[in-house]
Amino acid sequence: MIRRFFTVGGFTLLSRITGFFRDVVMAAVLGAGPIADAFFVAFRLPNHFRAIFAEGAFAAAFVPAYARTLEQDGKQAARSFADRLALAMIVLQVALLIVALVYTPEVVRLLAPGLDASRFELAVALTRITFPYLALISIESLIAGTLNANNRFASAAGAPVLLNLAMIGTLTFAALFPTVGHAAAWGVLIAGILQLALVADDAERNGFGLRLRMPKLDEPTKKFLKALGPAIIGAGGVQLALFADTIIATFLPAGALSALYYADRIHQLPIGVVGIAVGTVLLPEMARRLAAGDEKGAAASQGKAIEFALLLAVPAAAASLVIPELIMRALFARGAFTAADAAAAGQTLAAYATGLIPFVLMRSFVAPFHARGDTTTPVIAALTGVALNIVLKIILMGPLAQVGLALATAAGAWLNLALLIWFARRRSFPRPGENTSGNSLRLIAAGIAMAIVLFFAMRYLAPHFAKMTTLRDEALLLALLAIGGAVYLAAIWALLGRPWVRGLVRGSERPSKP
């Protein structure tokens, strides 16, 4: 399982690295002005719906159902189950796409009502280019789910790299398009085609390729649909909070949407590389163990996942809280992206960072419910967190602008995680590992030590690096990260010791007999 974490996390890291270069190109070419705001609206819309209908709700219901069918009924039954769902999904996505293309102005006006006339017209035009990406990525998600349940994670984890490369390619030739926003939007659509082709080829070569069949309401399908409904509601609730970000930010001064976007890109790095990677591997792992009656092994897997996620997330949270503006300046302050833009994005990043730990751990605490076919309980937790999130956004948008939106998002995440833990205790789920709670506190203590050292090192080193004429911020950031990383590793060694490190690397035991 740990090896699979590294496989998914490694490819996700590659995706985030190429995504960083994509964002550097976008920041230099698009900047943080009206065209950028219009594109980010067009880019967010299919991604919101993707999280509801594809990678979010669908994966939560499909992967455990497919893994359970595979464990209990064999490969052929699981493949038939996936084939029938594929045809139903294609029909649904085509219908949704037609409606979206016909009513694009109304959708954009509903979700971004604060755009002025010029930004609104451009957002509508760009959304009509980007929205077909939803249909392509939904089919890709189904195929990726079958691959993940069969312990093949590489192509699905690496597919997002193609999105970044496609957008870099079209932005490089932006002069050939009506606007830079059009170039970025066409890159999104091209990426959807490439991502689907990649996972489809992997599935075909390994015997998991789809063969479309008429849907049938058999027992696996009934269980899937029973889990899908609550999952859609839950994913929709989470996306509602993100929609609220977009809606409210359109009423804020120009550049607020862009500050949210660039801060969120850095914030999402550990969430994607660690949190989502861990959840992607943990869900089928727990589903298979529970299907085999191995409750103890499932809990041990969850414990290892939590500790592994915290190991990598804690230093990211420390750096984002202590040196956020330096991070944004070093990564993006060039071309059309100014120092003032970096300052605004840095404040937003620090606000997001207050909720990084619950965001990274969320998948690890949702997995025990989804692996048991329970998608309703996580929905209750998610919607409660969303309610707090939206209320705080409305309260904080006035005094804190986009920083208030990010703080509200963090508060909702903490409430969501707390409720998941409480519900798991009420359901008497086995505790995730014998020493997970104590080890988690030690990891957080190591992160606090790193944050304190970063705080004082920043104030001591900044005047010395100020004398440099080029790459000043980049060099200072690298120096601080080296110092902070060394302190974090030393603290881990002191607080947890060699046995913990060796135990984490070895991973959890093989499934025991029921």
What does the stretch 34-231 give for Rg and for Dmax, in Å, if only its C-alpha atoms count? 18.1, 57
Taking the chain and counting helices only, DSSP H stretches of n ≥ 4 at -39,500 (n - 2.57) each over all residues, the nearest-500 ellipticity at 222 nm comes to -28500 deg cm²/dmol
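If we count GluC sites (Glu not before Pro) as exposed when they sit in a DSSP loop and have at most 15 other beta carbons within 10 Å, what is the longest stretch of the chain that avoids them all?
The longest uninterrupted stretch comes out as 1-433.
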Would you please state which residues of the stretch 307-340 a label at Leu461 would reach in this model, taking the label point 7 Å out along Cα→Cβ and a backbone N cut-off of under 17 Å? 315-331
Going Cα to Cα from Lys226, which aspartates and glutamates come in below 17 Å? Please leave out same-chain ones fewer than 8 positions away. Asp218, Asp374
Simple spin-label estimate for Phe173 and Ala475 in nanometres, 7 Å along Cα-Cβ: 3.9 nm
Suppose we flag chymotrypsin sites (Phe, Trp or Tyr not before Pro) only when DSSP calls them loop and at most 14 other Cβ atoms lie within 10 Å. Which is the longest uninterrupted stretch of the chain? 252-514
Inter-label distance, nm, simple model (7 Å from Cα along the C-beta direction), Ala336/Asp201: 3.3 nm
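Dividing the alpha-carbon radius of gyration of the stretch 370-475 by 2.2 N^0.38 Å (N being the number of residues), what value is obtained?
Dividing the Cα Rg of the stretch 370-475 by 2.2 N^0.38 Å gives 1.59.
Kindly identify the chain as rounded, prolate or oblate by the Cα gyration tensor criterion: order the square roots of the eigenvalues as a ≥ b ≥ c, call it rounded if a/c is under 1.5, otherwise compare a/b with b/c, prolate if a/b is larger, else oblate.
In terms of gyration-tensor shape, oblate.
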Using the Cα centre of the chain as origin and beta-carbon charges of +1 (Lys, Arg) and -1 (Asp, Glu), tell me which of Ala191, Leu283, Gly497 is placed farthest towards the positive end of the dipole. Gly497
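Rule-based calculations on the coordinates, nothing more; no lab input. Being a predicted model, the structure only gives us computed values, none of them experimental. Virtual Cβ from ideal backbone geometry, glycine too; neighbours counted across all protein chains shown.
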